[in-house]
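This report refers to the structure that appears directly beneath it.
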């Protein structure tokens with residue numbers, strides 16, 4: 001209902017879609033020429049298309065709702081285009097068109113702006129649901145078909161299968177001394193006290209498959225502690241002046257992974273991204289061209305989430321630059337089904353290898369809350385660097401961290417924000433909001449919602465909280481357009497890179513802010529608001545109408561012509 005109300009107030013429906021909310025029009029209700037038409041109340045094709053969308057959302061962890069009768073591309077009340085299907089009949093057809101048959105609750109009907117919409121509530125299914133013979137799931141805001149390895153991963157995830165939790169065939173006595181020493185060291189750093197025996201410690205991290213005197217290790221335990229599948233290279237870390245050139249330093253090898261990771265961290269910390277002392281505010285700190293926390297999260301996430309059943313494929317990590325200022329990690333295996341690169345911040349962690357991930361978290365090698373991506377974003381942005389780039393290419397996940405000399409002014413600014421409001425200082429959405437205003441004079445909740453992968457209401461709340469501590473201010477009283485305060489702009493002067501904006505764009509920002517609290521604006525309003533002549537005000541309104549940012553309402557000519565946002 002919050003989304004429907006936002007559309008009624010002028011929002012574009014597709015901007016409000018999420019993993020659990022989708023807007024749809026009935027199939028064939030628009031002809032080839034773009035004209036709307038009435039379809040039969042028992043239109044079979046429309047029912048089949050909706051059954052596909054229902055099955056897609058049922059194959060997610062949380063389910064969701066389809067709101068039918070909405071044009072997702074049109075802003076405002078004009079998006080409500082209405083429906084024609086008999087909902088009782090449709091409910092029966094969805095049951096018949098899904099395999100195994102999937103039952104939905106009674107379909108809710110809703111009147112909005114003189115049009116009838118209906119809401120299909122979809123609970124997560126207990127088993128995988130197919131429609132039209134295909135297996136699909138919702139990935140971000142899209143319904144995607146799963147085939148091959150993606151289908152296998154999805155089915156294993158749904159059925160709770162974990163390859164790394166299976167027996168490895170290796171006993172605990174096969175563990176290497178260096179791996180056991182690494183296990184003790186990481187556990188001590190995380191928990192202070194270490195169990196008396198290595199066997200008890202292995203039991204605590206959950207890598208033993210039985211309780212025998214010399215227990216069998218799970219595959220997670222074998223990967224961490226033993227020379228499991230010798231000859232199979234699992235990780236390579238290279239330090240190069242330019243990507244593609246011969247390496248200056250390198251770590252390569254297979255299991256056991258714990259000492260291999262220790263060696264990788266050592267060359268990254270001491271050789272590739274060695275610390276440099278700087279003064280931040282009034283404190284002396286060690287800084288690196290790429291933050292140590294981001295480096296470690298990128299590498300550890302790759303180890304936790306990679307596909308270990310792809311023989312001959314290794315995690316490839318490259319630190320490049322002279323000195324190194326960029327770090328790229330390629331991990332075999334794509335993102336888990338239902339996870340998309342544009343929703344990684346908001347999507348709960350879904351490790352491909354839960355047993356391995358749990359062991360690494362207990363050892364303190366990975367974030368316990370599964371928020372490694374958030375941590376990478378936070379540490380990179382707070383140093384004044386670009387946000388991490390995370391892409392999926394040819395079945396691999398690639399993480400790029402582009403660093404350089406940290407901006408001490410940015411660090412000091414965020415430290416001051418944390419001092420004013422500790423919770424806000426730790427909120428990644430607030431960090432993204434401030435960083436967005438390095439390049440744009442103003443910021444509204446809608447673009448922040450997209451950038452921070454949150455709802456528009458959550459984005460609005462973050463901007464309100466930033467305003468409360470004096471970081472941002474409204475462009476106009478009660479408007480939803482914000483800008484950095486004079487003090488914030490002064491503190492961040494070295495980072496602010498506003499592009500040259502046309503006078504019309506600047507005028508539009510002020511007029512848009514005015515329309516947050518008023519439905520219409522007239523020429524005289526523009527004259528007072530912008531401090532321009534009546535002739536110039538008319539010209540501005542005409543140009544904004546021609547570029548479809550405004551529409552004319554009321555009389556076609558004269559002083560009483562008024563303008564509003566597009567429907």
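The values are calculated or read from the model by the stated rules, or taken from the named source; none is laboratory data. Computed from a predicted model, the values in this text were never measured in an experiment. All Cβ positions, glycine included, derive from the backbone under ideal geometry; neighbour counts span all protein chains shown.
Summary of values
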read-out	value
Members of the range 464-498 that are farther than 25 Å from residue 16 by Cα, outside any loop (DSSP other than H, G, I, E, B) and under 26 Å from the mean Cα position of the chain (by Cα)	484
Residue match in the range 517-532 (condition: touching a residue at least 40 places away in the same chain (Cβ under 8 Å), assigned by TED's automatic domain parsing to the domain that holds residue 433 and crowded, with 21+ Cβ neighbours inside 10 Å)	no
Residues being crowded, with 16+ Cβ neighbours inside 10 Å and assigned to a helix (DSSP H, G or I) - total across the range 499-516	8
Matching entry among 256, 332, 336, 323 (being touching a strand residue (DSSP E or B) at 6+ places or on another chain (Cβ under 9 Å) and outside the structural domain of residue 140 (by TED's automatic domain parsing))	332
Condition broken by residue 141, with the remaining ones in (1) under 22 Å from residue 304 (Cα atoms); (2) surrounded by 14 or more Cβ atoms within 10 Å (Cβ to Cβ); (3) at pLDDT below 90 satisfied	(1)
Single residue of the range 172-212 satisfying the filter (in contact with a strand residue (DSSP E or B) (Cβ under 6 Å, 6 or more places away or on another chain) and under 20 Å from residue 366 (Cα atoms)) that is surrounded by the fewest Cβ atoms within 10 Å (Cβ to Cβ)	202
Residue check, residue 342 in a helix (DSSP H, G or I), under 30 Å from residue 505 (Cα atoms) and out of contact with any helix residue (DSSP H, G or I) (no Cβ under 7 Å at 6 or more places or on another chain)	yes
Residue satisfying condition, being farther than 28 Å from residue 276 by Cβ and in contact with a helix residue (DSSP H, G or I) (Cβ under 7 Å, 6 or more places away or on another chain), within set 376, 360, 380, 394	360
Strands (runs of 3 or more DSSP E) contained entirely in the range 228-288, each with at least 1 residues that are more than 30 Å from residue 412 (Cα to Cα) and modelled with pLDDT of 90 or more	235-240, 249-253
Flag if residue 461 is within 30 Å of residue 409 (Cα to Cα), outside the structural domain of residue 18 (by TED's automatic domain parsing) and over 30 Å from the mean Cα position of the chain (by Cα)	no
Boolean, residue 220 is crowded, with 20+ Cβ neighbours inside 10 Å and either within 30 Å of residue 401 (Cβ to Cβ) or out of contact with any helix residue (DSSP H, G or I) (no Cβ under 8 Å at 6 or more places or on another chain) (or both)	yes
Residue count, the range 46-68 (criterion: assigned to a helix (DSSP H, G or I) and without any contact (Cβ under 8 Å) to a residue 60 or more places away in the chain)	3
Residue 328, sole failed condition from (1) closer than 20 Å to residue 238 by Cβ; (2) at pLDDT below 95	(2)
Checking residue 414 against (1) without any contact (Cβ under 8 Å) to a residue 40 or more places away in the chain; (2) touching a helix residue (DSSP H, G or I) at 6+ places or on another chain (Cβ under 8 Å); (3) within 29 Å of residue 188 (Cβ to Cβ), the condition it does not meet	(3)
Long-range neighbours under 6 Å by Cβ, at least six apart or interchain, first residue touching a residue at least 40 places away in the same chain (Cβ under 8 Å) within the range 34-45, second in a strand (DSSP E or B)	36/30
Filter result for residue 261 (over 22 Å from residue 167 (Cα atoms), under 32 Å from the mean Cα position of the chain (by Cα) and in the same structural domain as residue 332 (by TED's automatic domain parsing))	yes
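Here is a yes/no grid of residues against (1) farther than 27 Å from residue 146 by Cα; (2) in contact with a helix residue (DSSP H, G or I) (Cβ under 6 Å, 6 or more places away or on another chain):
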site: 47; (1), (2): no, yes
site: 52; (1), (2): no, no
site: 72; (1), (2): no, yes
site: 76; (1), (2): yes, no
site: 105; (1), (2): no, no
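For (1) out of contact with any strand residue (DSSP E or B) (no Cβ under 6 Å at 6 or more places or on another chain); (2) farther than 24 Å from residue 35 by Cβ; (3) outside the structural domain of residue 335 (by TED's automatic domain parsing), each residue gets a yes or a no:
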| site | (1), (2), (3) |
| --- | --- |
| 56 | no, yes, yes |
| 64 | no, yes, yes |
| 80 | no, no, yes |
| 113 | no, no, yes |
| 135 | yes, yes, yes |
| 150 | yes, yes, yes |
| 154 | yes, yes, yes |
